[in-house]
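The values are calculated or read from the model by the stated rules, or taken from the named source; none is laboratory data. Values in this document were obtained by computation on a predicted structure and should not be read as measured data. Glycine also receives a Cβ, built like all others from the backbone with ideal geometry; neighbour counts cover every protein chain displayed. All accessible areas refer to the heavy atoms of the entire protein, side chains included, with ligands and DNA or RNA removed. Shrake-Rupley method; radii C 1.70, N 1.55, O 1.52, S 1.80 Å.
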Amino acid sequence: EVHHAEVRRFHNSTAKLRVCCAPRRTTKSYSAAKEVLPTVMQPGKRIWIVGPNYNLAEKEFRYIYDDCMVHLVKKGLPRPISSACDARSGRLYLRTAWGTEVVGKSADNPSSLLGDAVDAVIYSEAAQIPRAIRERYVASTLNTTNGFEIIPTTPSASAEWVHELFMIGQEGSIPEIESFHWDVSANPVYGYA
């Protein structure tokens, strides 16, 4: 259920790169995870959640993990054939019965980002990830699959690359890039003090 027009616009977007800058606790991670769920449901796909570290990558991963381990099972789908959700050990992965993999990755370990082709990438808290991680390691993994990227983040002055992509999305000069911004009203359970 979507409670905000801008979140609805995000979910209706078909852009290959979607940048969402919004404050904490406003459904960015939840929305990003739900956006890749249709790809998770397709056979033989590979999805990465790349965070500055495993703890931050776990946010979006946990939403997908919970959907696959609980909610989809209640609808009659089989549980993943292998899975782990342990950020402390760096083990964030699941493999579905239909051959799709979801893996949490850490920007602290760039060599783990080499070699694979992926269908979708979520950059968890992208403002804390160095530009080179996306440009040198991750973006090219989407070329052969014609995949897509989602960049949900809390705004930060130190994240020039995210700001640049956000501004391109605002200008509309490149149709493959769209940007989104919403406030706390997007989260219906946000606690007001």
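For this structure, a couple of remarks:
- Scanning region 34-54 for residues that are outside any strand (DSSP E or B), out of contact with any Gly (no Cβ under 6 Å at 6 or more places or on another chain) and either touching a residue at least 12 places away in the same chain (Cβ under 8 Å) or of a type in the set (A, V, I, L, M, F, W, C) (or both) gives K34, E35, V36, L37, T39, V40, M41, Q42, K45, P52, N53.
- Wholly enclosed strands (runs of 3 or more DSSP E) of region 97-169 bearing at least 2 residues in contact (Cβ under 8 Å) with a residue 12 or more places away in the chain, open to solvent by less than 10 Å² (accessible area, probe 1.4 Å) and of a type in the set (A, V, I, L, M): 120-123, 148-153
- A search for C-beta distances below 6 Å between a residue of region 69-87 that is open to solvent by less than 70 Å² (accessible area, probe 1.4 Å) and any residue that is of a type in the set (A, V, I, L, M), counting only pairs 6+ apart in sequence or on different chains, returns P78/A97; P80/L94; S83/L94.
- Breaking point among (1) open to solvent by 50 Å² or more (accessible area, probe 1.4 Å); (2) assigned to a helix (DSSP H, G or I); (3) touching a residue at least 24 places away in the same chain (Cβ under 8 Å), for S31: (1)
- Of the residues making up region 175-193, just one is under 23 Å from K16 (Cβ atoms), in a loop (DSSP other than H, G, I, E, B) and either modelled with pLDDT under 60 or open to solvent by less than 70 Å² (accessible area, probe 1.4 Å) (or both), namely W182.
- Meets criteria (over 27 Å from N12 (Cβ atoms), in a loop (DSSP other than H, G, I, E, B) and among the aliphatic types (A, V, I, L, M)) for A84: no
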